[in-house]
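The values are calculated or read from the model by the stated rules, or taken from the named source; none is laboratory data. Just so we're clear, the structure is a prediction, and the values are computed from it rather than from any experiment. Here the Cβ positions follow ideal geometry from the backbone for every residue, glycine too, while neighbour counts run over all protein chains shown.
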């Protein structure tokens, strides 16, 4: 079932990506996106997927930050900017924080399965600290990106206050807490922009 779901997700994802490139006539983005697609597939496929190696967290950050955010930015605008890079850093950090935050409870099963997750390599305490630090990096990069974009001061202030509130509430990071926390600055930006 997992293999079927994985292939279905890959086919749908590649199909949607190709459709976006076709509709925007930006086929050159394919050259930049192809390595991320290949690495993303290698994350879960094969007898020893990248998810089981010490590269797993880096692959997650690279695919979600530069791969998804910069890829979508390039498809939408045809250019790259400091704002796009800032947002790529923000979402790479968030993706890695969420990935790390679910590892401490899975430490024993990861170890038994031979998975070289960050928690297996560095322990629960370090994993928790790094997940928290990556979430804080997400918050800072999001605020900086909004400021670089020339967003109204009230909106940047709203994002900043939402980020501060989120950072103060996450405590011991877990995926649901981080995802809710990441939603808070975005909601604050929306409210400030009204």
Flag for residue 30 being over 20 Å from residue 138 (Cβ atoms), modelled with pLDDT of 85 or more and in contact with a helix residue (DSSP H, G or I) (Cβ under 7 Å, 6 or more places away or on another chain):
no
Residue 51 meets each of (1) modelled with pLDDT of 85 or more; (2) under 17 Å from the mean Cα position of the chain (by Cα); (3) within 19 Å of residue 130 (Cα to Cα) with one exception, condition (1)
Quick count over segment 66-90, residues being at pLDDT below 90, farther than 19 Å from residue 16 by Cβ and surrounded by 18 or more Cβ atoms within 10 Å (Cβ to Cβ), is 0
Taking segment 165-184 and keeping only residues that are at pLDDT below 85, surrounded by fewer than 20 Cβ atoms within 10 Å (Cβ to Cβ) and part of a helix (DSSP H, G or I), one is left with 165, 167, 168, 169
Of the listed residues (162, 171, 150), the one being within 21 Å of the chain's Cα centre (by Cα) and at positive phi is 171
Checking 86, 65 in turn, the sole residue that is farther than 24 Å from residue 13 by Cβ, part of a helix (DSSP H, G or I) and under 15 Å from the mean Cα position of the chain (by Cα) turns out to be 86
Note on segment 113-128: residues modelled with pLDDT under 90 and assigned to a helix (DSSP H, G or I) are 113
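Yes or no, residue by residue, for (1) modelled with pLDDT of 85 or more; (2) touching a strand residue (DSSP E or B) at 6+ places or on another chain (Cβ under 6 Å); (3) within 22 Å of residue 182 (Cβ to Cβ):
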| site | (1), (2), (3) |
| --- | --- |
| 11 | yes, no, no |
| 21 | no, no, no |
| 25 | yes, no, no |
| 37 | no, no, no |
| 57 | yes, no, yes |
| 97 | yes, no, yes |
| 100 | yes, no, yes |
